[in-house]
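The values are calculated or read from the model by the stated rules, or taken from the named source; none is laboratory data. Since the structure is predicted, the reported quantities are computational estimates derived from the model, not experimental observations. Here the Cβ positions follow ideal geometry from the backbone for every residue, glycine too, while neighbour counts run over all protein chains shown. All accessible areas refer to the heavy atoms of the entire protein, side chains included, with ligands and DNA or RNA removed. Shrake-Rupley method; radii C 1.70, N 1.55, O 1.52, S 1.80 Å.
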Amino acid sequence: MITGKDLIDLGFKQGKWFKEVIAYANQHQLCGDSLKQYVESVRPKHMEPHSAPVPFYKNIRAENEEETQNVEMVMDAMHSMMTTPTLIGGAVMPDACPTGAGQIPVGGVVIARNAIHPSMHSADICCSVMMTNYGQLSPKLVLDMAHSVTHFGGGGRDSFSALPKELEEKIKLNRYLNSERSLSFAKSHLATQGDGNHFLFVGVSKKTGETMMVTHHGSRGFGANLYTQGMKIAAYFRREISPLTSEKNAWIPFDTEEGKLYWEALQLVREWTKLNHATIHDATSQKLHTEPLDRFWNEHNFVFKEQDLFYHAKGATPLDDKFVPDSKDGLRLIPLNMSEPVLIVKGTTTENNLGFAPHGAGRNISRGRHIRNNSHKTIEQIFYEETKGLDVRFFSNQIDISELPSAYKNAEMVKQQMKEFGLGEVLDEIMPYGCIMAGNWQIDAPWKLKARANRLK
């Protein structure tokens, strides 16, 4: 009877793969040279980082000093990351901004063979946008009704909508999603939109004059919980097969049980996120007592599969229909900032775009730096200057200046570079009427209110 000790005595490092190898060896009564040859043929092979970065396409051009520094940081991060042994190609979009040394930037796309990199889809799995066309209804009425049913900020909601039983059963069948914590997020975070740059936008079609609502958010705690598990699984495989790879760029091999289960979990997170958008849109429609004229959506923070290749888009919009199984006429949404239109685009795959477009306007500087740069003005002054003529609301009633238009890249520059690099054709623009965002909700977060109350005792 072959045991793990026998394999260790033969010079093999213990790992999860021992279990299957031992079962096969005992079933086929392998021993001596035949055993060693078999184990050698199936053991995990070490993959060393590439000796030089894999080439990638640069669909971005700096147009000022601030942009130059941003682009340099993006390129440094990409060059470092593109030595990861699974990667075979990549691209950078005009809205790119760095997320850390050696990590995929926002506005980055990389292609990995037989590998899913959790850090490259990030914690906000399936961050996405959905549009509903309400025809000739008043934009203010649509925004008011949407405001009455939506929810921004931390935490969830206890009694707004129910998680469909069919989806709940599928979630329970996946071991990466069926924990009590994960199911709690799937139920309580449904119909919530989170914080940061997530929004509910209402505007008017430049072509038709019809009122359209766009929501922007990801998978909330449900997806973030999967991401945490994914990083732990990837860390295990990194130690086993590529210890010289950076921890942040670890991966889960798709041709393993863990890889296939993780891929299935990602698809369920995608299904949940689409439902999350639709729940808010449907509730708004019910308040308006109307049926939508049109609706479509697309993610821009996900992993897309083509045979054994996995396209990781960290803030990049898939243009190619092969990446979007529920595509509506090939149409995609690209928001810019609250004072600029949401673009409706369509495009084809080219050598340099890899089938993707930007996901928005991106940032040149951090939130903190933007706030410091405006410290000579009051929050109210900045808000008035940048939102004049718009109906901009913060759900928490606390203005977040790090989400105002000046915090983002120049929208016109992004549009020009989309045209220059062939990153989709703009078919229509949803001109802004107003929007809702979380705002600086943490000022009055429950734990801070409790701390203040304790200080006053």
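Structure notes:
- Residues in the chain average 44 Å² of solvent-accessible surface per residue, probe 1.4 Å, ligands and nucleic acids excluded.
- Where labels lie 7 Å past Cα in the beta-carbon direction, separation of L261 and K206 in nm: 4.9 nm
- Cα gyration tensor shape for the stretch 80-179, rounded if a/c is under 1.5, else prolate or oblate: oblate
- Qualifying chymotrypsin sites (Phe, Trp or Tyr not before Pro) in the stretch 106-195, DSSP loop, other Cβ atoms within 10 Å at most 16: F160
- Cα pair distances exceeding 40 angstrom across the chain, given as percent: 24 percent
- Two-decimal Rg to Rh for the stretch 296-368 - Kirkwood Rh, Cα set: 0.99
- Long pairs among K187/K409; K13/K172; K187/K287; K305/K346; K36/K170; K232/K305, criterion Cα-Cα beyond 31 Å: K187/K409; K13/K172; K36/K170
- Taking 7 Å steps out from each Cα toward its Cβ at K305 and S138 produces label points 4.9 nm apart.
- Percent carbon-and-sulfur accessible area, the chain, ignoring ligands, DNA and RNA, probe 1.4 Å: 52 percent
- Two-decimal ratio, the stretch 9-54, of alpha-carbon radius of gyration to 2.2 N^0.38 Å: 1.47
- Residues of the stretch 213-238 with amide N under 14 Å of a point placed 7 Å along Cα→Cβ from L293: 213
- Long hydrophobic helices in the chain, taken as whole DSSP H segments with a C-alpha length of 18 Å or more on their own axis and mean Kyte-Doolittle hydropathy at least 1.6, are absent.
- Among beta bridges that DSSP assigns inside the chain, antiparallel share in %, nearest 5: 90 percent
- For R175 and E425, the FRET efficiency from 1/(1 + (r/R0)^6), where r spans their Cβ atoms and R0 equals 35 Å, is about 0.25.
- Each label was represented as a point 7 Å from its Cα along the Cα-to-Cβ direction; for S41 and E412 these points are 6.6 nm apart.
- Cα centroid separation, the stretch 70-119 to the stretch 322-372 (Å): 17 Å
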